[in-house]
1. Considering only C-alpha atoms, what is the centroid distance from segment 107-175 to segment 229-282, in Å?
2. So which lysines can K345 reach, going by Cα to Cα under 24 Å and dropping same-chain residues fewer than 8 places off?
3. If you filter segment 92-200 for GluC sites (Glu not before Pro), then keep DSSP loop positions with at most 11 other Cβ within 10 Å, what is left?
4. Obtain the nm distance between the two label points defined at V81 and L349 by a simple spin-label model: each point lies 7 Å from its Cα along the Cα-to-C-beta direction.
5. What is the extension gain from R289 to A23, computed as 0.36 nm multiplied by their sequence separation minus the C-alpha to C-alpha distance, in nm to one decimal?
6. How large is log10 of I(q)/I(0) for the chain at q = 0.09, 0.14 Å⁻¹ when the intensity is taken from the Debye formula with one equal scatterer per alpha-carbon?
7. What is the Cα radius of gyration of segment 158-251 over 2.2 N^0.38 Å, N being its residue count?
8. Please report, to one decimal in angstroms, the Kirkwood hydrodynamic radius of segment 194-319 built from all distinct Cα-Cα pairs.
Amino acid sequence: MSAPASPKAFRDALRKGPAGRLALRALSLAYGGAIAARRGLYSAGVLPSRSLPVPVICFGNISSGGTGKTSTVITAAQELVRMGRRPAILLRGYKRRRPTRQVVVLARGRSFTLDESGDEALMLYRTLEADNVPVLVGADRYRSGLAAVRDLGADVILMDDGFQHFSLRRDADIVLVNATAPFYSDAVLPYGDLREPAAGLARARAVIISHCEQAQQAAVDTLAAEIARLNPSAEIIETMHAPEFFLDPATARPVDLNLLKGRPAAALSAIGDPDSFEGALRKMKVDLRQIWRYPDHHAFTAEELAAAQEARAGLPLITTYKDFARFPAGWQDILKGGVLILSVKIVFLCDGWRKLSAVLTQTAGRKP
């Protein structure tokens, strides 16, 4: 089974030739200039930026690709609930199958579909459903946030992936950077993977270095020093991702991680950082005989799952929460023989949890 080519693969192919590199460099200069101009227009008040009546905490990236942001947002929401707050999460709803201009509300008593909400919003909502944390999806974050406050009683807003979204003012920006993809050796899109120049980190209240388990400590220290140079006042927090358990979606029951130790299996994903997912499985001694990667947020079709079913030849198929949310209806009739979801938790190193808790506490208390 072959996966469709990704934009990154196309970019990497262009970078192999001098003409392609020149064209990409020119486009990166234009992109960087546009980003700077847009930021300047917001700073000058030419483009409007609105405030919500409750604190807004943004979790974002300066680069494309996976950083573990979703896991961090979940952890932050659960901590705020323990503090007695009523958080709500805002998402833009990237690559929804059926986008709508209306705010899509994932909350108790509300009706919604996967096509309207998108896979990431649904995964967030299902994970936090027991904590009664609503998730709102819409391109207009101010409108979504206002609905969360007025209709759902939210008293603090978590904006998922909005570091470059200046039309909604934030009380704190928390930026995640992947330890295996240091920004100081990268360029802005499309030549590189940066959404904006690294100097944008100066706006952050805290910077979380994720996936430290995949990097040497010396590399993490170098990255932390560069963050401190760009933003001396930012809290720098180191984290790692650790497998928690497998989940059998057919029974909704957890399965011990040792189930596949030393055994062959297949991996299927369409996420921003597939190396992290596959690397975690290899560290668990899972023998990955087949690997299928699709572009980030890819919506799987019944035909693609049928091809995987035939090609895996009876091997267990392992995927992620995000990917499973994009499986088509009737997946159980197609994938016969076992599907497992790898559940991963975020682990804060040293005093990282104390630092993040302090940022959440201080920011959430700024407005009544």
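1. Distance between centres, Cα-based: 24 Å.
2. The qualifying lysines are K69, K261, K283, K285, K322, K355.
3. On the way: sites: E116, E120, E129; in loops: none.
Filter output for segment 92-200: empty list.
4. A separation of 2.9 nm, rounded to one decimal place.
5. On the way: separation 266, 0.36 × 266 = 95.76 nm, distance 3.81 nm.
Gain in length upon complete extension: 91.9 nm.
6. -0.53, -1.34
7. Working: Rg = 15.3 Å, N = 94, 2.2 N^0.38 = 12.4 Å.
This ratio for segment 158-251 stands at 1.23.
8. On the way: mean 1/r = 0.0578 Å⁻¹.
For segment 194-319, the Kirkwood estimate is 17.3 Å.
Computed from the coordinates by the stated procedures, all read-outs in this text should not be read as laboratory data. These figures come from a predicted structure and were not determined experimentally. Glycine also receives a Cβ, built like all others from the backbone with ideal geometry; neighbour counts cover every protein chain displayed.
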